[in-house]
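Below is one structure, written out as structure tokens; the observations come after it.
Rule-based calculations on the coordinates, nothing more; no lab input. Nothing here was measured: the structure is a model prediction, and the numbers come from that model. Cβ coordinates were reconstructed from backbone atoms using ideal geometry, including for glycine residues, and neighbour counts include every protein chain displayed.
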Amino acid sequence: MSDSLNKLKTSPLSRRLSIAKTSLNIGKNWAKSSMSSLLLDKDQRSAQKQALLQEQADYLAAELGKLKGSVVKVGQMLALYGEHFLPKEVLNALHTLDASTTPLSWHIIYEALKQELGERVHDFDIERTPIGTASLAQVHKAVHKHTGKPVVLKVQYPRVAESIDSDLSIFKHLLKITNAVPQTKSLDAWFDEISKLLHREVDYQLEAATTKRFASYLADDARYVVPTIYDNYSSKGLICMSFEAGISLNDPNLAQLPQARKNALGQAAIEVVVRELFEWGEMQTDPNFGNYLVRHEDSIDKLILLDFGAIKQFDQHLLSIAKGLMAAGYHQDKSQMMTAMTGYDFFDKLTGKPKSDMAEVFLMACEPFANTEKLITAHAGNCPHLDDEQRYIWAGSNLYARVMNTARQGMQSLEFSLPPKEMMFISRKFIGAYALLVALDARTDSEGLVARFVS
């Protein structure tokens with residue numbers, strides 16, 4: 001393929017040299033800017049600094065995208081979870097890493113497959129063009145010669161696992177060079193969290209076990225499909241699983257489905273998120289649309305769940321707090337919400353009006369999971385976000401914008417500490433679910449989602 005990468009910088013030295021060049025160029029540009037801004041007034045200097053920061057952030061993202069591996073995954077994670085401590089220019093640039101899909105050349109991937117499978121690589125007819133590319137791995141469809149079964153081979157890029165700690169160090173250095181992010185204990189804590197997640201994500205034996213566990217959770221529910229893992233062809237750097245045909249959630253054909261079918265798909269999608277949190281105590285934290293497919297089979301629309309690498313397991317302390325917050329949201333009870341806001345410094349430092357304002361934010365965020373009678377009462381007898389069957393209208397709710405605006409207004413006079421990392425993972429997953437249900441134009445029943453967990 002002419003647009004594939006023929007070489008991957010895998011050694012710590014080669015990756016550090018590449019980043020060193022990037023750092024040098026960034027440093028030079030900041031120096032030039034400092035000199036040229038001497039004759040500018042305050043507003044002009046501020047505008048120049050903002051423009052340069054965006055330019056440097058874009059350059060940083062472009063250079064990181066060429067490296068692939070964990071350094072790109074770090075950028076993607078910070079784009080998802082860094083909104084509390086990264087400038088919007090850096091966030092905007094890091095979000096472009098999600099679109100980095102340049103595959104590795106076939107000869108590199110084939111060598112990686114042979115490394116994992118040995119002579120068993122000849123058991124497959126493997127398509128050279130990948131059906132998926134990511135920062136840590138590449139996915140190829142294949143046919144098992146002896147059975148004729150279509151399978152998927154998810155193979156890790158060479159030496160990705162070995163470079164995680166070095167890549168994290170590189171990324172922190174780059175952020176320091178750009179002058180974009182204060183080097184604080186909060187940032188260190190986030191990098192520690194990302195390190196743990198990355199080391200889990202590159203352990204494909206762990207991912208295979210997690211996939212089987214989620215398959216067992218959903219085995220008796222015909223609405224879901226989880227790929228079958230083939231252990232005899234899987235290893236720490238390779239997962240062999242059943243190929244599951246389906247269409248993307250971005251497929252325009254889904255928008256043409258009858259409302260009842262869209263509602264059923266949306267209910268299934270958000271129900272998994274709720275059960276992850278309140279029933280299983282572990283959550284797939286990547287809200288990417290690409291982790292879902294849909295297919296119509298046996299007279300129902302089935303949701304295919306893919307990629308169980310980015311799993312976060314929660315302790316009982318957090319789960320009990322989250323359940324308390326959701327219970328207050330279900331009942332739309334502000335007093336109950338303020339009582340439930342405890343157990344972390346982020347909550348315990350809130351008093352007076354800031355705590356009251358934050359409780360309003362949480363109540364609003366819980367609208368899709370609220371008891372409909374309480375929600376109607378909260379809206380003075382007429383809730384515009386419910387349809388005639390009292391289902392929540394995600395696409396018409398403007399919920400995300402309302403929550404963010406209310407949060408910003410409440411935070412203007414107070415310097416908040418960072419929310420607990422676990423809460424931020426949960427928040428991002430629910431934001432991803434919100435985007436998914438808005439795209440589907442789904443309408444969901446809150447009683448079927450959370451009533452059994454909070455009553």
Worksheet item: the stretch 206-250: Rg/Rh from Cα coordinates, Kirkwood Rh?
Response: 1.00
Worksheet entry | Length gained when the stretch S235-A439 is fully extended (0.36 nm per residue, less Cα-Cα span) | 69.8 nm
Worksheet item: In the structure shown, do any of K73/K421; K262/K421; K212/K262 have a Cα-Cα gap over 29 Å, and if so which?
Response: K262/K421
Worksheet item: What is the order of V294, V273, fewest Cβ neighbours within 10 Å to most?
Response: V273, V294
Discussion item. Please compute the contact order of the stretch 245-455 in relative form: average sequence separation of alpha-carbon pairs under 8 Å and at least six residues apart, divided by the residue count, as a percent.
Written reply: 30 percent
Discussion item. Rounded to two decimal places and with Rh computed the Kirkwood way over Cα pairs, what is Rg over Rh for the stretch 224-335?
Written reply: 1.04
Worksheet item: Rounded to the nearest 0.05, what FRET efficiency do R402 and N92 have when you use their Cβ-Cβ distance and R0 = 25 Å?
Response: 0.65
Fill in: Rel. contact order, % - alpha carbon contacts under 8 angstrom, at least six apart, the stretch 268-323
37 percent
Worksheet entry | Ranking of E447, E116 by count of other Cβ atoms within 10 Å, fewest first | E447, E116
Worksheet item: Given the Cα-Cα distance of R120 and E162 and 0.36 nm per residue of separation, how much length would full extension add, in nm?
Response: 12.6 nm
Worksheet item: Along the Cα-to-Cβ line of E389, 7 Å from the Cα, sits a label point; which residues in the stretch 245-282 have backbone N less than 18 Å from it?
Response: 255-271
Worksheet item: For K312, which aspartates and glutamates qualify as cross-link partners when the Cα separation must be under 13 Å and same-chain residues fewer than eight apart are set aside?
Response: E193, E201, E207, E276, E282, D286, E422
Discussion item. What number results when the radius of gyration of the stretch 245-455, computed over Cα atoms, is divided by 2.2 N^0.38 Å?
Written reply: 1.03
Worksheet item: Going by how many other Cβ atoms sit within 10 Å of their own, how do I270, I164 line up, fewest first?
Response: I164, I270
Practice prompt. Sort 148-158, 241-251, 381-391 for me by packing, meaning the mean count of neighbouring Cβ atoms within 10 Å per residue, highest on top.
Written response: 148-158, 241-251, 381-391
Worksheet item: Quick one: if the Förster radius is 45 Å, what FRET efficiency do Y344 and S105 give, using the C-beta to C-beta distance and rounding to 0.05?
Response: 0.40
